[in-house]
1. Could you check Tyr183 against (1) of a type in the set (Ser, Thr, Tyr); (2) at pLDDT 90 or above; (3) more than 24 Å from Glu289 (Cβ to Cβ) and say which number it fails?
2. When the stretch 122-161 is examined, which residues are found to be more than 24 Å from Ala184 (Cβ to Cβ) and of a type in the set (Lys, Arg)?
3. Any idea how many residues of the stretch 243-299 are among the aliphatic types (A, V, I, L, M) and modelled with pLDDT under 95?
4. For the stretch 144-187, give me each residue that is basic (Lys, Arg) and surrounded by fewer than 23 Cβ atoms within 10 Å (Cβ to Cβ).
5. Does Gly279 qualify as being under 30 Å from Lys88 (Cα atoms) and touching a residue at least 12 places away in the same chain (Cβ under 8 Å)?
6. Which residues, counting only those in the stretch 77-115, are outside any strand (DSSP E or B) and in contact (Cβ under 8 Å) with a residue 40 or more places away in the chain?
7. For the stretch 264-281, how many residues are at negative phi, exposed (fewer than 15 other Cβ atoms within 10 Å of the Cβ) and not aliphatic (A, V, I, L, M)?
8. Taking the conditions exactly as written (surrounded by 13 or more Cβ atoms within 10 Å (Cβ to Cβ) and farther than 26 Å from Pro115 by Cβ), does His221 satisfy them or not?
Amino acid sequence: MKKNIIILAATGLLALMTGCGTMDDSASDSISLPKSTAVSSAVTTVTELNTKPETTTTADTTEASQAATNNANDIDITPLVGEWIYQKIDEQNYSSFISEGIVTVEPDLIYTYQPNDVSIAKTGTISIDYDEYSTGDKVPFFSFYQNGVDFWIGAYCNQEASDIYYIGNGGMERLVRSNSREYAFDEYIGQWQGDTQWNGCNLYIQIKKDGDSMIAEVSAHSAVADYLWSYTCNGSDDNTYIECQSGGKLNRTDYAPNGDIQETVEVYNDGTAKFSIKGGTLFWQDGKEDVAHQIGFSKT
(Lines give C-alpha, C1' and ligand atoms only; values in the text may rest on other atoms or scores of the structure.)
Protein backbone atom coordinates (compact mmCIF):
# COMPACT_ATOMS: atom_id res chain seq x y z
CA MET A 1 0.00 0.00 0.00
CA LYS A 2 1.18 3.47 -0.81
CA LYS A 3 1.95 5.65 2.23
CA ASN A 4 -0.18 8.80 2.49
CA ILE A 5 1.64 11.98 3.51
CA ILE A 6 0.07 15.22 4.66
CA ILE A 7 2.50 18.16 4.78
CA LEU A 8 1.59 20.67 7.48
CA ALA A 9 4.46 23.14 7.17
CA ALA A 10 6.86 24.26 4.52
CA THR A 11 10.42 23.98 5.81
CA GLY A 12 12.05 20.73 6.89
CA LEU A 13 14.02 18.51 9.34
CA LEU A 14 14.57 14.84 10.11
CA ALA A 15 11.98 12.32 11.37
CA LEU A 16 11.78 8.79 12.75
CA MET A 17 8.65 7.24 14.27
CA THR A 18 7.48 5.27 17.19
CA GLY A 19 4.48 4.78 19.22
CA CYS A 20 2.26 3.22 21.76
CA GLY A 21 -0.24 0.43 21.36
CA THR A 22 0.17 -3.08 20.03
CA MET A 23 0.32 -3.19 16.25
CA ASP A 24 -1.33 -5.75 13.97
CA ASP A 25 0.93 -8.08 11.97
CA SER A 26 -0.96 -7.16 8.82
CA ALA A 27 0.77 -3.84 8.34
CA SER A 28 1.02 -2.45 4.83
CA ASP A 29 4.21 -2.65 2.80
CA SER A 30 4.74 1.11 2.94
CA ILE A 31 6.17 1.14 6.47
CA SER A 32 7.12 -1.97 8.42
CA LEU A 33 6.09 -1.96 12.07
CA PRO A 34 7.65 -5.00 13.79
CA LYS A 35 6.50 -5.79 17.30
CA SER A 36 8.91 -4.57 19.97
CA THR A 37 9.48 -5.22 23.65
CA ALA A 38 8.31 -2.24 25.71
CA VAL A 39 10.67 -0.62 28.22
CA SER A 40 7.91 1.26 29.99
CA SER A 41 4.39 0.55 31.13
CA ALA A 42 3.41 3.71 29.30
CA VAL A 43 4.06 2.11 25.91
CA THR A 44 3.42 -1.37 24.54
CA THR A 45 4.88 -1.11 21.06
CA VAL A 46 7.41 1.37 19.71
CA THR A 47 9.10 1.22 16.33
CA GLU A 48 11.77 2.91 14.33
CA LEU A 49 10.72 3.93 10.84
CA ASN A 50 13.30 3.98 8.10
CA THR A 51 11.04 4.70 5.15
CA LYS A 52 11.64 8.00 3.38
CA PRO A 53 8.65 9.95 2.09
CA GLU A 54 8.16 10.50 -1.60
CA THR A 55 9.44 13.69 -3.19
CA THR A 56 6.64 16.19 -3.76
CA THR A 57 6.28 19.15 -6.04
CA THR A 58 5.14 22.60 -4.98
CA ALA A 59 1.66 21.78 -6.25
CA ASP A 60 1.68 18.52 -4.30
CA THR A 61 2.74 20.34 -1.16
CA THR A 62 -0.01 22.94 -1.56
CA GLU A 63 -2.60 20.23 -2.09
CA ALA A 64 -1.35 18.26 0.90
CA SER A 65 -1.36 21.34 3.11
CA GLN A 66 -5.00 21.97 2.16
CA ALA A 67 -5.80 18.33 2.95
CA ALA A 68 -4.19 18.76 6.36
CA THR A 69 -6.38 21.76 7.01
CA ASN A 70 -9.46 19.81 5.96
CA ASN A 71 -8.54 16.98 8.32
CA ALA A 72 -7.93 19.24 11.31
CA ASN A 73 -11.04 17.87 13.03
CA ASP A 74 -9.81 14.31 12.58
CA ILE A 75 -6.30 14.79 14.01
CA ASP A 76 -5.73 17.14 16.92
CA ILE A 77 -2.28 18.68 16.50
CA THR A 78 -2.47 21.02 19.48
CA PRO A 79 -1.06 18.50 22.03
CA LEU A 80 2.26 18.59 20.18
CA VAL A 81 2.63 22.37 20.37
CA GLY A 82 5.00 23.59 23.08
CA GLU A 83 8.40 22.80 24.55
CA TRP A 84 9.67 19.24 24.95
CA ILE A 85 12.73 17.59 26.47
CA TYR A 86 14.30 15.18 23.97
CA GLN A 87 15.69 12.22 25.94
CA LYS A 88 17.58 9.02 25.24
CA ILE A 89 17.60 6.05 27.56
CA ASP A 90 20.58 5.70 29.89
CA GLU A 91 22.26 2.56 28.55
CA GLN A 92 23.91 1.93 31.93
CA ASN A 93 20.69 2.38 33.88
CA TYR A 94 17.65 1.43 31.85
CA SER A 95 15.28 2.84 34.46
CA SER A 96 16.17 6.42 33.55
CA PHE A 97 16.63 8.70 30.54
CA ILE A 98 19.27 11.31 29.72
CA SER A 99 18.32 14.72 28.36
CA GLU A 100 19.80 15.48 24.94
CA GLY A 101 18.21 18.87 24.26
CA ILE A 102 15.04 20.91 23.89
CA VAL A 103 12.49 20.63 21.06
CA THR A 104 10.11 23.55 20.58
CA VAL A 105 7.04 23.04 18.38
CA GLU A 106 5.19 26.09 17.07
CA PRO A 107 1.45 26.18 16.25
CA ASP A 108 2.27 26.05 12.52
CA LEU A 109 4.22 22.80 13.23
CA ILE A 110 7.63 24.27 12.55
CA TYR A 111 10.02 22.93 15.18
CA THR A 112 13.44 23.85 16.57
CA TYR A 113 15.80 21.43 18.28
CA GLN A 114 18.56 22.87 20.48
CA PRO A 115 21.01 20.16 21.65
CA ASN A 116 22.45 20.41 25.16
CA ASP A 117 25.99 20.44 23.75
CA VAL A 118 25.28 23.95 22.41
CA SER A 119 25.81 22.84 18.82
CA ILE A 120 23.88 24.61 16.09
CA ALA A 121 20.12 24.42 16.53
CA LYS A 122 18.16 22.46 13.93
CA THR A 123 14.84 23.53 12.50
CA GLY A 124 12.33 21.68 10.39
CA THR A 125 8.71 20.78 9.86
CA ILE A 126 6.28 18.23 11.20
CA SER A 127 3.89 16.29 8.99
CA ILE A 128 1.17 13.79 9.68
CA ASP A 129 1.81 10.45 7.99
CA TYR A 130 -0.22 7.26 8.13
CA ASP A 131 0.41 3.56 8.56
CA GLU A 132 -2.15 1.63 6.52
CA TYR A 133 -3.28 -1.92 7.29
CA SER A 134 -4.93 -4.65 5.24
CA THR A 135 -8.07 -4.15 7.30
CA GLY A 136 -8.33 -0.64 5.89
CA ASP A 137 -7.38 0.99 9.19
CA LYS A 138 -5.05 4.01 9.07
CA VAL A 139 -2.94 5.00 12.09
CA PRO A 140 -1.65 8.61 12.09
CA PHE A 141 1.76 9.61 13.38
CA PHE A 142 3.70 12.85 13.72
CA SER A 143 6.82 12.92 11.51
CA PHE A 144 9.71 15.33 12.12
CA TYR A 145 11.48 16.12 8.83
CA GLN A 146 14.66 17.82 7.72
CA ASN A 147 14.41 19.50 4.33
CA GLY A 148 11.03 17.90 3.85
CA VAL A 149 12.48 14.47 3.04
CA ASP A 150 14.59 13.00 5.89
CA PHE A 151 13.17 11.51 9.07
CA TRP A 152 14.54 12.59 12.43
CA ILE A 153 12.07 11.55 15.14
CA GLY A 154 8.36 11.16 15.56
CA ALA A 155 5.55 9.42 17.41
CA TYR A 156 2.10 8.03 16.92
CA CYS A 157 -0.48 10.73 17.50
CA ASN A 158 -2.40 8.73 20.10
CA GLN A 159 -0.34 7.65 23.10
CA GLU A 160 -1.35 6.79 26.64
CA ALA A 161 0.31 9.75 28.35
CA SER A 162 -0.30 13.26 27.06
CA ASP A 163 3.02 14.54 28.42
CA ILE A 164 5.26 11.91 26.84
CA TYR A 165 5.74 10.56 23.30
CA TYR A 166 7.95 7.49 22.90
CA ILE A 167 10.13 7.35 19.79
CA GLY A 168 12.77 5.03 18.40
CA ASN A 169 13.03 1.27 18.22
CA GLY A 170 12.21 -0.20 21.62
CA GLY A 171 11.36 3.12 23.26
CA MET A 172 15.01 4.14 23.53
CA GLU A 173 14.12 7.79 22.94
CA ARG A 174 11.21 9.99 23.91
CA LEU A 175 9.84 13.52 24.03
CA VAL A 176 8.74 14.71 27.48
CA ARG A 177 6.78 17.91 27.92
CA SER A 178 9.14 20.37 29.61
CA ASN A 179 6.67 21.27 32.37
CA SER A 180 5.94 17.62 33.18
CA ARG A 181 6.98 17.02 36.77
CA GLU A 182 6.64 13.26 36.42
CA TYR A 183 9.39 12.64 33.88
CA ALA A 184 11.59 15.71 33.73
CA PHE A 185 14.17 14.56 36.30
CA ASP A 186 14.52 10.88 35.38
CA GLU A 187 18.06 11.44 34.12
CA TYR A 188 19.22 12.31 37.66
CA ILE A 189 18.34 8.88 39.04
CA GLY A 190 21.27 6.54 39.57
CA GLN A 191 24.85 6.35 40.82
CA TRP A 192 27.41 9.04 39.92
CA GLN A 193 31.17 9.22 40.55
CA GLY A 194 33.28 12.36 40.85
CA ASP A 195 35.96 12.92 38.23
CA THR A 196 38.44 14.26 40.83
CA GLN A 197 39.03 13.53 44.52
CA TRP A 198 38.12 15.57 47.58
CA ASN A 199 40.59 15.40 50.49
CA GLY A 200 42.05 12.26 48.95
CA CYS A 201 38.61 10.59 48.76
CA ASN A 202 36.46 9.56 45.85
CA LEU A 203 33.04 11.19 45.90
CA TYR A 204 29.88 9.33 44.93
CA ILE A 205 26.32 10.58 44.51
CA GLN A 206 23.28 8.31 44.69
CA ILE A 207 19.96 9.87 43.62
CA LYS A 208 16.59 8.15 43.89
CA LYS A 209 12.93 9.10 43.83
CA ASP A 210 10.93 9.44 47.04
CA GLY A 211 7.34 10.26 46.14
CA ASP A 212 7.26 13.72 44.60
CA SER A 213 10.77 14.47 45.92
CA MET A 214 14.23 13.08 45.23
CA ILE A 215 16.82 11.93 47.77
CA ALA A 216 20.45 12.76 46.96
CA GLU A 217 23.19 11.17 49.07
CA VAL A 218 26.83 12.13 48.60
CA SER A 219 29.42 9.81 50.15
CA ALA A 220 33.18 9.77 50.64
CA HIS A 221 35.33 7.11 52.31
CA SER A 222 38.85 7.18 53.71
CA ALA A 223 40.86 5.14 56.21
CA VAL A 224 40.12 7.61 58.99
CA ALA A 225 36.54 8.74 58.28
CA ASP A 226 33.42 8.31 56.18
CA TYR A 227 31.26 11.26 55.15
CA LEU A 228 27.62 11.19 54.13
CA TRP A 229 25.67 14.22 52.94
CA SER A 230 21.90 13.70 52.63
CA TYR A 231 19.46 16.03 50.86
CA THR A 232 15.76 15.95 50.14
CA CYS A 233 15.39 17.76 46.81
CA ASN A 234 12.63 19.14 44.65
CA GLY A 235 12.75 20.08 40.98
CA SER A 236 13.01 23.68 39.84
CA ASP A 237 10.01 25.30 38.19
CA ASP A 238 11.78 25.30 34.82
CA ASN A 239 12.93 21.66 35.28
CA THR A 240 16.61 22.59 34.87
CA TYR A 241 17.91 21.46 38.30
CA ILE A 242 16.94 19.81 41.59
CA GLU A 243 17.48 21.63 44.85
CA CYS A 244 17.48 21.17 48.64
CA GLN A 245 16.57 24.52 50.17
CA SER A 246 16.94 23.44 53.82
CA GLY A 247 17.53 20.46 56.09
CA GLY A 248 20.58 18.99 54.37
CA LYS A 249 22.60 16.78 56.73
CA LEU A 250 26.25 15.80 57.03
CA ASN A 251 27.19 12.77 59.15
CA ARG A 252 30.81 11.79 59.78
CA THR A 253 31.95 8.37 60.99
CA ASP A 254 35.45 8.32 62.51
CA TYR A 255 37.64 5.19 62.54
CA ALA A 256 40.38 4.08 64.93
CA PRO A 257 43.79 3.02 63.51
CA ASN A 258 42.67 -0.63 63.69
CA GLY A 259 39.58 0.12 61.58
CA ASP A 260 37.04 0.06 64.38
CA ILE A 261 34.37 2.76 64.44
CA GLN A 262 35.12 5.36 67.07
CA GLU A 263 32.01 7.46 66.74
CA THR A 264 29.41 8.78 64.31
CA VAL A 265 28.47 12.43 64.65
CA GLU A 266 26.03 14.74 62.92
CA VAL A 267 28.17 17.62 61.74
CA TYR A 268 25.18 19.78 60.68
CA ASN A 269 21.54 19.52 59.62
CA ASP A 270 20.95 22.90 57.98
CA GLY A 271 22.67 22.37 54.66
CA THR A 272 21.48 23.36 51.19
CA ALA A 273 22.45 22.06 47.78
CA LYS A 274 21.68 22.21 44.08
CA PHE A 275 22.25 19.47 41.50
CA SER A 276 22.28 20.16 37.77
CA ILE A 277 23.19 18.23 34.63
CA LYS A 278 25.06 19.77 31.71
CA GLY A 279 26.13 17.67 28.74
CA GLY A 280 25.57 14.44 30.68
CA THR A 281 27.73 15.57 33.64
CA LEU A 282 26.20 16.08 37.08
CA PHE A 283 27.33 19.02 39.22
CA TRP A 284 26.80 19.36 42.98
CA GLN A 285 26.71 22.85 44.45
CA ASP A 286 27.05 22.53 48.23
CA GLY A 287 25.55 25.67 49.77
CA LYS A 288 27.06 25.03 53.20
CA GLU A 289 30.77 24.41 52.55
CA ASP A 290 31.14 24.33 48.75
CA VAL A 291 32.78 20.89 49.04
CA ALA A 292 32.57 19.89 45.39
CA HIS A 293 33.49 23.15 43.69
CA GLN A 294 34.01 22.45 39.96
CA ILE A 295 33.88 18.66 40.42
CA GLY A 296 31.91 16.89 37.71
CA PHE A 297 30.18 13.53 38.24
CA SER A 298 29.67 10.84 35.62
CA LYS A 299 27.12 8.03 35.76
CA THR A 300 28.55 4.64 36.71
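The values are calculated or read from the model by the stated rules, or taken from the named source; none is laboratory data. Since the model is a prediction, treat every value here as computed from it, not as a measurement. No Cβ is skipped: glycine too gets one built from the backbone with ideal geometry, and neighbour counts run over all protein chains shown.
1. With (1) of a type in the set (Ser, Thr, Tyr); (2) at pLDDT 90 or above; (3) more than 24 Å from Glu289 (Cβ to Cβ) applied to Tyr183, the lone miss is (2).
2. Hit for the stretch 122-161 is Lys138, nothing else.
3. Count: 7.
4. Result: Arg177, Arg181.
5. Considered against the rule, which asks whether it is under 30 Å from Lys88 (Cα atoms) and touching a residue at least 12 places away in the same chain (Cβ under 8 Å), Gly279 comes out as yes.
6. Selection gives Ile77, Pro79, Leu80, Asp90, Gln92, Asn93, Tyr94, Ser95, Ser96, Asp108, Leu109.
7. Restricting attention to the stretch 264-281, the residues satisfying the condition of being at negative phi are 264-278, 281.
From what is left, the residues that are exposed (fewer than 15 other Cβ atoms within 10 Å of the Cβ) are 264-270, 278, 281.
From what is left, the residues that are not aliphatic (A, V, I, L, M) are 264, 266, 268-270, 278, 281.
Going through the stretch 264-281 one residue at a time, the tally reaches 7.
8. yes
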